[in-house]
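Reviewing the structure listed below.
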Ligand code: P53
């Protein structure tokens with residue numbers, strides 16, 4: 001049994017990481033427009049608006065906004081069947097609160113999707129990929145406020161109606177579960193637009209904001225199905241399976257409890273209800289979460305058709321002696337795994353973990369799966385003749401595709417497609433660098449923003465073309 005005939009090979013990106021043109025054609029300021037540049041050692045900062053003297057790499061991205069035709073042509077040359085990107089909320093509703101959408105923003109995505117479809121490339125669209133109007137953060141504190149649900153659903157419904165004949169595959173929130181890491185401010189701000197106050201209980205706030213997002217996702221899906229019964233609606237989960245550091249029963253249970261806390265989001269998306277372990281946690285910690293009876297009905301109605309997920313790495317965990325309740329704190333509890341390699345940015349490279357994850361999702365949800373991100377961030381060297389020999393990237397992808405095929409052929413996983421991350425070099429989400437590259441296509445831009453923006457084909461470009469041509473048989 002090999003991959004299905006209509007397997008969706010492609011690549012993935014996100015609006016704010018490549019479009020640039022951050023204030024063009026009526027676009028409003030998004031939270032990623034106030035993220036400064038960082039590097040492998042330093043996190044990016046989120047400033048209070050755009051400040052003079054700071055560098056904001058997403059303002060220019062790789063200028064995809066003006067060059068998308070050339071870039072899609074290159075994707076078509078590789079044989080892409082699909083292209084995953086996101087819609088910048090702020091191009092459609094600049095502050096989130098307008099009554100009427102911004103026509104030039106809508107038109108941009110019409111043009112982009114038309115270009116894809118001309119080449120037979122299916123758009124796979126995320127509604128909110130780590131961004132939201134900055135105005136909603138200032139006014140409501142981001143997803144702290146129930147008001148955000150209606151504003152998001154308005155945005156989603158506008159997109160579903162407008163692109164009904166162009167987009168068949170939707171996802172609501174990118175890596176919604178990354179905010180479970182509530183001691184990492186970067187991931188919480190990007191997921192939910194929340195900056196914590198010094199005296200608040202972060203964990204409780206995180207559960208509240210996450211609940212509003214889960215309700216917003218379900219409401220959007222429920223509406224989306226009425227607008228386009230043929231479309232398929234998915235969630236998007238950042239999958240980093242958490243292994244026990246040893247076979248001590250305590251480590252095994254610790255890993256299991258950590259998985260519950262990092263992946264209950266998928267339970268809610270797929271089952272339409274909270275798992276008992278999260279409700280028990282809220283009770284033990286006396287968290288008062290605003291969950292109405294109507295919310296619970298909505299969650300049931302808005303379950304997903306498929307699970308989209310990213311896979312880059314696995315985690316490992318050991319139980320700390322003092323942690324009597326097996327409470328998982330992602331920012332402090334992970335340990336390094338001596339059995340796997342590490343990328344230059346410290347991400348644990350583990351291709352078997354992808355097969356493990358595909359099995360885990362299938363056992364738990366019995367839904368079709370879609371690997372919507374996977375890849376290796378690496379430094380590339382451009383040779384004098386313009387070639388780029390990225391064998392490390394090819395090796396990473398080959399190993400992961402092999403494991404993905406085994407999950408299909410040996411384990412019976414129902415897999416819709418595979419879209420490696422950053423199919424064209426773009427701004428790194430976590431560090432804001434250009435130097436952390438994932439692409440098959442090199443973009444001449446440096447961390448400091450200089451460069452010609454010229455596109456060059458890496459060795460992996462030619463390799464991936466053959467992979468797609470042979471439907472994964474030639475690796
Ligand atoms: P960069 C954590 C774990 C796995 C994936 O990341 C993650 C994160 C957040 O840091 O993010 C996804 O660019 C995300 C993309 C991002 C990509 O992984 O930091 O969906 O927006 O660019 C790669 O190397």
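When only Cα pairs below 8 angstrom with a gap of at least 6 residues are kept, region 146-270 shows a relative contact order of 34 percent. By other beta-carbon atoms within 10 Å, ranking 437, 355 with the fewest at the front produces 355, 437. Overall, the anisotropy analysis places region 1-115 in the oblate class: the square-rooted eigenvalues a ≥ b ≥ c of its C-alpha gyration tensor yield a/c not less than 1.5, with a/b not exceeding b/c. Restricting attention to the chain, close to 20% of DSSP beta bridges with both partner residues there are antiparallel. Semi-axes of the equivalent ellipsoid for the chain, computed as √(5λ) from the eigenvalues of its C-alpha gyration tensor and ordered from largest down, come to 30, 27, 23 Å.
Relative to one another, the C-alpha centroids of region 1-36 and region 177-197 are positioned 20 Å apart. Once you reduce region 94-149 and region 225-278 to the center of their Cα atoms, the two points are 26 Å from each other. Footprinting exposure proxy ranking of 271, 9, 89, fewest other C-beta atoms within 10 angstrom first, gives 271, 9, 89.
As a test of the formula, what do you get for the chain when each DSSP H run with n ≥ 4 contributes -39,500 (n - 2.57) and the sum is divided by the residue count, at 222 nm and rounded to the nearest 500 deg cm²/dmol? Show your work: numbers first, answer last.
Numbers: 15 runs with 185 residues, N = 475.
So the helix-based figure for the chain works out to -12000 deg cm²/dmol.
Arrange 115, 419 by Cβ neighbour counts within 10 Å, fewest through most, would you? Don't jump to the answer; show the numbers that get you there.
Details: 115 19, 419 26.
So the ranking, lowest neighbour count to highest, is 115, 419.
Note: relative contact order over region 297-427, using C-alpha pairs below 8 Å and six or more positions apart, is 29 percent.
FRET efficiency for the pair residue 256 and residue 384, taken as 1/(1 + (r/R0)^6) with r the Cβ-Cβ distance and R0 = 60 Å, rounds to 0.70. For the chain, the relative contact order comes to 18 percent (Cα pairs under 8 Å, sequence separation of at least 6).
Computed from the coordinates by the stated procedures, all read-outs in this text should not be read as laboratory data. A quick note: this is a predicted structure, and the numbers were derived from the prediction, not measured. All Cβ positions, even for glycine, are placed from backbone atoms using ideal geometry, and neighbour counts span all protein chains on display.
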